[in-house]
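K.L.:
Please see the structure below; I have some questions.
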Amino acid sequence: MKNKDKGTAKSISIRSMNKFFQAVHVLKDLSLEVQAGEFLVLLGPSGCGKSTALRLIAGLESISSGELFIGETNVTNVLPKYRDIAMVFQSYALYPHKTVAENIGFPLKMAKTPKADIDTAVLAAAQQVELGDYLERFPGQLSGGQRQRVALARAIIRRPSVFLMDEPLSNLDAKLRGNMRAELKYMQSKLGVTMIYVTHDQIEAMTLAHRVAVLKDGTLQQLGTPKEVYSNPANLFVAGFMGSPPMNFISGAIDNESFTTKGVKLPLPGAPKSNQVTLGFRPEDCRIVKAGSGAMDAEVYTAELTGDQVLVTLQLHGSQIVSRMPKEFEIGDTQIAGIEVDARHLYLFDSESGLRITADSTR
Amino acid sequence: MTKPAARRSLFEPPDIGQMATATKIVLYTVLLAWSAFVLFPIYWLIITSFKTIAAVNQGPYFLPWIDFEPSLHAWKELFVNDYRDTFRAYFNSIVISLSATALAILVGSMAAYALSRVKFAPNLITILYFVGLLALTGVAVGIYDVDWRVAAATAIALFFFLARAIGRLYQLRLQNGDILFWIISQRILAPIVVVVPIYMMFQSVRLLDTHLAIILTYTVINLPVVVWLMYDFFNSIPRDLEESAQLDGATMIGIFREIILPLSRAGLAATTLLVVILCWNEYLLALFLSTNKAQTMPILVAAMNAGERGILWWTMSAVIMIMIIPVVIMAILLQKYIAKGILVGAVKG
Amino acid sequence: MQTSRVSEWLDRHMGRLFLMPAVVLILVFSIFPLVASLIIAFARIRLTGGGFSVRFVGLRNFEKQFFGSEQFHLLGTFTDISVIGLLFGLLATLGLIWWMVLYVRAHFSVVGFLGRMITFLMALGLAWLFSATLLSGNLFGTLGTTLFYVFVGCGIQFLIGTALAYACSFQFRGTTSFRVIFFVPMMITPIGVGYIFRMMADTTKGPFSGVWQWVGLGEFAWASDPWAARIFIVVADSWQWIPFVFIMLLAAFESVPRDFTEAAELDGANAWQKFTEITWPHVLPVAATVMLIRVIEAFKIVDLPNIMTSGGPGIATESVSLQSYFAWRSLDLGQASAIAYVLLFVTVIICVSFFNLVVLARVRKAS
């Protein structure tokens, strides 16, 4: 019985995929191997090409060059309906003139399934997403979360081998989003399908993914587990994109195995000499101390109590540095404060290329 | 309620959100006067159809039962004495209008949908080549008496033989917008320009004075209207719905039937009404293409002009009334869609 | 596997298959006749039993219309041009040249220049036609009559339709019923409108005969006076088509976001300023499109003149379409096609000019 729920998950192989819209190169040489049953998140800011990548996999846009395999089959030029893919859209794409039951049953109706089979399948799928009582309603009469579930039920009813989701949670309010996130993760593991999920929200990526692919301007920046991507970013962009509040950056130079900029000198044993580097550290890896006693001094800008913590923003040479302090922390009327950084969690990047520079001290 | 009643002049609004009394008076006067201008001719039409010959000829009488005694003799003449002509023309008009509208809506909305969703890039040179061949064939058949089968076969062979080569030589591609403009611009053609060749065409295949000839002609005449209105309507439907259906295994026909048409009900209703009215009232083409059997209502009405007894105003009024009634009924039935449908077309176009 | 290949091919080419019927229908019933009509316009055609014989006569058909025995019919009669006519013609010429100069000075492109040149020549020709016939006290032909119907008729319909639509766009008691009433004439068949207005205009038995007697026009037969007849046709045409302008512009007026007018009100605009500064610019693109449609349809006018006056008195109310129809009825197909082509030529140039210079100019400015 349990096994019947599981579709036959298939792997996806993307090989040097490119996409041009007229002269605009929106997806540059993307190569990805997605394992069967894996939950992969495509993460990036808007306009980075992540939605285009998803639409190429679905077959809604044609691939300019490169190849796409689902399972063992080359589907590069196959029409979407033959790819055995289900997709949940950001807008849910529910048909407003069809009831919930008709919406959920639509894929089966298109496959010319007998009416009785459709009815049982619809009921089963609806119960799976707890919509059993709403089958006769129209989408317009449902709340945002319920619409989301209808879209989900419509996707799972076919037991597709691949699931695609395009920012499915972005139209929900914050609280509901948290609940749906958990449900999605549970459902994916229960159904055992391959899932490619597009989002710009790094928290969704962190919580949902087995692996995260970070994209920027159509180029893959880093592919790895959420933990890898967070604690071992490949470049400046990934480092700045993951984490909230984001990583702090200070630009300077490396001289004599230490990072220097105006008023700051931080020893970094093993770091190669360089004129233009950016030093990064996360808000949770630095502390506010008395002026003069930390690695650097900075001007206090604001302190915000978020409930479980205090975010202190400071200004150093025009750039802002945020430190995450325990909720008991009080800044008082301090004008200048010192910042103490955890030497084990420093990141060094080449300012020009953005690439990570590894030194003994920065792993 | 407790607000102090301010005394204001005629030219100031008595309360926030209201109109000044003077404005109101002017507005109502103008609108009522226009209503009278619109309604009076119709009122006159209705009462004339119930007047006796004497009541019409002896000068203006305005009020039934007071000025004159209403009589049904005009209606009797229409439905009893001349019932054959009346019913045939009425039947013809209904068959022709409904078939032509159905065909125009089907063909037109399919084309509009394709234009709004699929990218086309036809080669202009190939098209010009095609039209040139068409013209040459026309000249050959029409003027030099070449057998039309020979001419058509030659033209088709020539087209397929050279089209690719010519198309490859010159790449001047059209876009969807150009095709759309081409279709819509057909509406500029006054029917009088094309009606003579159409007449000769139907004459040569012996289809003159048949329903089919008029239906086909009306369909083409109204295609631009359908394409124009429905194109805007389809464009306002979000693409997500179709993409989702595509992934769910629907074909283009399935999407069109299951999703697009049901979602365009308002637009379809407004367009249908408009096209039915245009077909129902069409006069010039029917004048050319129907002589007797396929005669439509406008031709019947116009022909009543030529009677020996002068114009029989009473019968004429009755005929015009039965022409108006179905349109009014349709308008009332489709009323709730029309406002919506026209809005999209008008405001976006 | 075989069936899936067929269905996949269908899926890939369905877009073309969707478009194809419309294109084929238009090619067969619109483009082919258009080409054939041009061929016929250069020929003399005799209908024989079941078929027809063709003899090419070159430009003879057009020559007859423009310079020969039918000149009075299409264009009008030309005798000496009057002083006013000369003055108007010169003024119009100067104005048009000035318009071209302004364009060339501001921004020049070959396509734009050629397009404006065509508009320029057409406007010049029509201006001189106007001064040589009407302004010189001569009769004008069907072309002049058609243009009278188009410009005067559409002008009236535009003004009244817009005014009524604006009045009905406010919220007050009774708007809905006014809307329904104003829409009614559009549903009445044009043939019917023709007869109804013949009844209305009857000076002895019509409803207004009392009024006619009273002003001393009891014996006046409007159908025998050229201008009275033309004006009556315009009135009937307007009665029928004002509802179209009304309903389209009403939709446009109602689509103006209330935020805009309310913001203007707070900024101290009075009613007139609100209309000219906020509402009208918003509605203008729709108004231009609506008028384009109206002008296109107005050029085709044929049923009203045929029903109300049969083109009379003389040829005073005959439109170009009607003239072509009469030529066809006398079995002169070559002339009929030539006349129709003149109409097509004038319509296309005027409508395309209007589209490019008014409708598209707005769109370009907005984007």
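A quick yes/no check of all residues on (1) in a helix (DSSP H, G or I); (2) of a type in the set (Ser, Thr, Tyr); (3) free of Cβ contacts under 8 Å to residues at least 60 places away in the same chain; (4) more than 10 Å from chain C (Cβ to nearest Cβ):
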residue	(1), (2), (3), (4)
B:LEU273	yes, no, no, no
B:GLN295	no, no, no, yes
B:ALA302	yes, no, yes, no
B:MET321	yes, no, no, no
B:MET330	yes, no, yes, no
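K.L.:
Shifting gears a bit: Residue check: is A:LYS112 within 16 Å of B:ALA245 (Cα to Cα) and either surrounded by fewer than 18 Cβ atoms within 10 Å (Cβ to Cβ) or touching a strand residue (DSSP E or B) at 6+ places or on another chain (Cβ under 7 Å) (or both)?
P.N.:
Considered against the rule, which asks whether it is within 16 Å of B:ALA245 (Cα to Cα) and either surrounded by fewer than 18 Cβ atoms within 10 Å (Cβ to Cβ) or touching a strand residue (DSSP E or B) at 6+ places or on another chain (Cβ under 7 Å) (or both), A:LYS112 comes out as yes.
K.L.:
From the list A:LYS190, A:LYS175, exactly one residue is surrounded by fewer than 18 Cβ atoms within 10 Å (Cβ to Cβ) and under 29 Å from A:ARG324 (Cβ atoms). Which is it? Write out each step before concluding.
P.N.:
Values: A:LYS190 fails: under 29 Å from A:ARG324 (Cβ atoms).
Exactly one of A:LYS190, A:LYS175 is surrounded by fewer than 18 Cβ atoms within 10 Å (Cβ to Cβ) and under 29 Å from A:ARG324 (Cβ atoms), namely A:LYS175.
K.L.:
Show me the strands (runs of 3 or more DSSP E) found entirely inside the stretch A:294-346 where at least 1 residues are of a type in the set (S, T, N, Q) and under 16 Å from A:SER244 (Cα atoms).
P.N.:
Of the strands (runs of 3 or more DSSP E) lying wholly inside the stretch A:294-346, those with at least 1 residues that are of a type in the set (S, T, N, Q) and under 16 Å from A:SER244 (Cα atoms) span A:309-316, A:319-326.
K.L.:
When you look at A:ARG282, is it touching a helix residue (DSSP H, G or I) at 6+ places or on another chain (Cβ under 9 Å), surrounded by fewer than 21 Cβ atoms within 10 Å (Cβ to Cβ) and modelled with pLDDT of 90 or more, yes or no? Steps first, answer last, please.
P.N.:
Values: touching a helix residue (DSSP H, G or I) at 6+ places or on another chain (Cβ under 9 Å): yes; surrounded by fewer than 21 Cβ atoms within 10 Å (Cβ to Cβ): no; modelled with pLDDT of 90 or more: yes.
Judged against the criteria, A:ARG282 is not a match.
K.L.:
Scan A:ALA239, A:ALA253 and give me the residue that is within 27 Å of A:VAL26 (Cα to Cα) and touching a strand residue (DSSP E or B) at 6+ places or on another chain (Cβ under 7 Å).
P.N.:
Testing whether each residue is within 27 Å of A:VAL26 (Cα to Cα) and touching a strand residue (DSSP E or B) at 6+ places or on another chain (Cβ under 7 Å) leaves just A:ALA239.
K.L.:
Report yes if some residue within the stretch C:199-213 is touching a Pro at 6+ places or on another chain (Cβ under 7 Å), touching a residue at least 12 places away in the same chain (Cβ under 8 Å) and within 7 Å of chain B (Cβ to nearest Cβ); otherwise report no.
P.N.:
No - not one qualifying residue is present in the stretch C:199-213.
Listed here are the residues, each with its yes/no results for (1) in a loop (DSSP other than H, G, I, E, B); (2) aromatic (Phe, Trp, Tyr); (3) within 14 Å of chain B (Cβ to nearest Cβ).
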| site | (1), (2), (3) |
| --- | --- |
| A:LEU27 | no, no, no |
| A:GLU33 | no, no, no |
| A:ILE63 | yes, no, no |
| A:ASN77 | yes, no, no |
| A:LYS81 | no, no, yes |
| A:GLN90 | yes, no, yes |
| A:LEU94 | yes, no, yes |
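Each row is one residue, and each column tells you yes or no for (1) out of contact with any Lys or Arg (no Cβ under 6 Å at 6 or more places or on another chain); (2) over 19 Å from C:CYS351 (Cα atoms); (3) surrounded by 13 or more Cβ atoms within 10 Å (Cβ to Cβ).
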{"site": "C:VAL101", "(1), (2), (3)": "yes, yes, no"}
{"site": "C:LEU114", "(1), (2), (3)": "yes, no, no"}
{"site": "C:LEU126", "(1), (2), (3)": "yes, no, yes"}
{"site": "C:THR145", "(1), (2), (3)": "yes, no, yes"}
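K.L.:
Here's something else I'd like to know. Could you check, for the stretch B:280-287, whether at least one of its residues is more than 9 Å from chain A (Cβ to nearest Cβ), buried (at least 19 other Cβ atoms within 10 Å of the Cβ), part of a loop (DSSP other than H, G, I, E, B) and among the charged types (D, E, K, R)?
P.N.:
Kept after step one, since they are more than 9 Å from chain A (Cβ to nearest Cβ), are these residues of the stretch B:280-287: B:280-287.
Now restrict to residues that are buried (at least 19 other Cβ atoms within 10 Å of the Cβ): B:280-287.
If we keep only those that are part of a loop (DSSP other than H, G, I, E, B) as well, we get B:282-283.
From the residues that got through so far, the ones that are among the charged types (D, E, K, R) too are B:282.
Checked against the condition, which is being more than 9 Å from chain A (Cβ to nearest Cβ), buried (at least 19 other Cβ atoms within 10 Å of the Cβ), part of a loop (DSSP other than H, G, I, E, B) and among the charged types (D, E, K, R), the stretch B:280-287 yields at least one hit.
K.L.:
I'd like the full set of residues that are surrounded by 17 or more Cβ atoms within 10 Å (Cβ to Cβ) and either not assigned by TED's automatic domain parsing to the domain that holds A:ARG159 or not polar (S, T, N, Q) (or both), limited to the stretch A:115-130.
P.N.:
Result: A:ILE118, A:ALA121, A:VAL122, A:ALA125, A:ALA126, A:VAL129.
K.L.:
Right, here's the next one. When the residues of the stretch A:288-313 are narrowed to those that are in contact (Cβ under 8 Å) with a residue 24 or more places away in the chain and within 28 Å of the chain's Cα centre (by Cα), which ends up nearest to A:GLU257 (Cα to Cα)?
P.N.:
From the stretch A:288-313, those in contact (Cβ under 8 Å) with a residue 24 or more places away in the chain are A:288-300, A:303, A:311-312; that's our starting set.
From what's left, within 28 Å of the chain's Cα centre (by Cα): A:311-312.
Values: A:LEU311: 31, A:VAL312: 29 Å.
Among them, the one singled out is A:VAL312.
K.L.:
Do the conditions hold for C:ILE188, that is, is it aliphatic (A, V, I, L, M), closer than 21 Å to B:VAL26 by Cα and within 12 Å of chain B (Cβ to nearest Cβ)?
P.N.:
no
K.L.:
If you check B:PHE62, B:PHE87, B:PHE40, B:PHE68, which single one turns out to be closer than 25 Å to C:SER209 by Cα and either away from chain C (no Cβ under 11 Å) or under 23 Å from the mean Cα position of the chain (by Cα) (or both)?
P.N.:
Answer to the check: B:PHE68.
K.L.:
Go through the stretch C:324-351 and give me each residue that's under 30 Å from C:ALA288 (Cα atoms), more than 9 Å from chain B (Cβ to nearest Cβ) and in contact (Cβ under 8 Å) with a residue 12 or more places away in the chain. Outline the logic, then answer.
P.N.:
Step one: of the stretch C:324-351, the residues under 30 Å from C:ALA288 (Cα atoms) are C:324, C:339-351.
Retained after the next criterion (residues that are more than 9 Å from chain B (Cβ to nearest Cβ)): C:342, C:345-346, C:349-350.
Those that are under 30 Å from C:ALA288 (Cα atoms), more than 9 Å from chain B (Cβ to nearest Cβ) and in contact (Cβ under 8 Å) with a residue 12 or more places away in the chain: C:VAL342, C:VAL346, C:ILE349, C:ILE350.
K.L.:
Please enumerate the residues belonging to the stretch B:181-199 that are within 7 Å of chain C (Cβ to nearest Cβ), of a type in the set (A, V, I, L, M, F, W, C) and part of a helix (DSSP H, G or I). Give the steps one after another, and end with the answer.
P.N.:
Kept after step one, since they are within 7 Å of chain C (Cβ to nearest Cβ), are these residues of the stretch B:181-199: B:183, B:186-194, B:196-198.
From the residues that got through so far, the ones that are of a type in the set (A, V, I, L, M, F, W, C) too are B:183, B:188-190, B:192-194, B:196, B:198.
Hits for the stretch B:181-199 are B:ILE183, B:ILE188, B:ILE192, B:VAL193, B:VAL194, B:VAL196, B:ILE198.
K.L.:
For the stretch A:104-223, list the helices (runs of 4 or more DSSP H) that sit wholly inside it and hold at least 3 residues that are under 27 Å from the mean Cα position of the chain (by Cα) and not aromatic (Phe, Trp, Tyr); which are they?
P.N.:
The helices (runs of 4 or more DSSP H) meeting that bar are A:144-156, A:174-191, A:202-208.
K.L.:
Could I ask something else about it? Could you say which residue among C:SER30, C:SER37, C:SER82 is free of Cβ contacts under 8 Å to residues at least 40 places away in the same chain and either of a type outside the set (A, V, I, L, M) or surrounded by 12 or more Cβ atoms within 10 Å (Cβ to Cβ) (or both)?
P.N.:
C:SER30
K.L.:
Please determine whether any residue of the stretch B:259-269 is assigned to a helix (DSSP H, G or I) and more than 14 Å from chain A (Cβ to nearest Cβ).
P.N.:
Yes, the stretch B:259-269 has at least one match.
K.L.:
Go through (1) over 29 Å from B:VAL220 (Cα atoms); (2) touching a Phe, Trp or Tyr at 6+ places or on another chain (Cβ under 6 Å) for C:ILE45 and report which single condition fails.
P.N.:
Going through the list (1) over 29 Å from B:VAL220 (Cα atoms); (2) touching a Phe, Trp or Tyr at 6+ places or on another chain (Cβ under 6 Å), C:ILE45 breaks only (1).
K.L.:
Of these, B:ALA135, B:ALA74, B:ALA102, which one is closer than 30 Å to B:THR271 by Cβ and within 31 Å of the chain's Cα centre (by Cα)?
P.N.:
B:ALA102
K.L.:
Filtering the stretch A:312-324 down to residues that are modelled with pLDDT of 90 or more, of a type in the set (A, V, I, L, M, F, W, C) and out of contact with any Leu (no Cβ under 8 Å at 6 or more places or on another chain), which residue is farthest from A:THR278 (Cα to Cα)?
P.N.:
Here the answer is A:VAL312.
K.L.:
Let me ask something else about it. Which residue is surrounded by the most Cβ atoms within 10 Å (Cβ to Cβ), if the candidates are limited to the stretch B:120-175 and must be in a loop (DSSP other than H, G, I, E, B) and polar (S, T, N, Q)?
P.N.:
The residue in question is B:GLN175.
K.L.:
Please enumerate the residues belonging to the stretch B:230-255 that are within 21 Å of C:SER4 (Cβ to Cβ), buried (at least 21 other Cβ atoms within 10 Å of the Cβ) and either more than 7 Å from chain A (Cβ to nearest Cβ) or at pLDDT 90 or above (or both).
P.N.:
Scanning the stretch B:230-255 gives B:ALA245, B:MET252, B:ILE255.
K.L.:
So, one more: Any residue at all in the stretch C:222-241 that's farther than 17 Å from C:MET308 by Cβ, in contact with a helix residue (DSSP H, G or I) (Cβ under 7 Å, 6 or more places away or on another chain), among the small types (Gly, Ala, Ser) and in a helix (DSSP H, G or I)?
P.N.:
The answer is no, given that none of the residues of the stretch C:222-241 is farther than 17 Å from C:MET308 by Cβ, in contact with a helix residue (DSSP H, G or I) (Cβ under 7 Å, 6 or more places away or on another chain), among the small types (Gly, Ala, Ser) and in a helix (DSSP H, G or I).
K.L.:
Hey, another quick one. Only one of C:GLY95, C:GLY137 is surrounded by fewer than 16 Cβ atoms within 10 Å (Cβ to Cβ) and not in a helix (DSSP H, G or I). Can you tell me which?
P.N.:
C:GLY137
The values are calculated or read from the model by the stated rules, or taken from the named source; none is laboratory data. Predicted model only: the values in this text are computed from it and were never measured. Ideal geometry is used to build each Cβ from the backbone, glycine not excepted, and the neighbour counts take in all protein chains shown.
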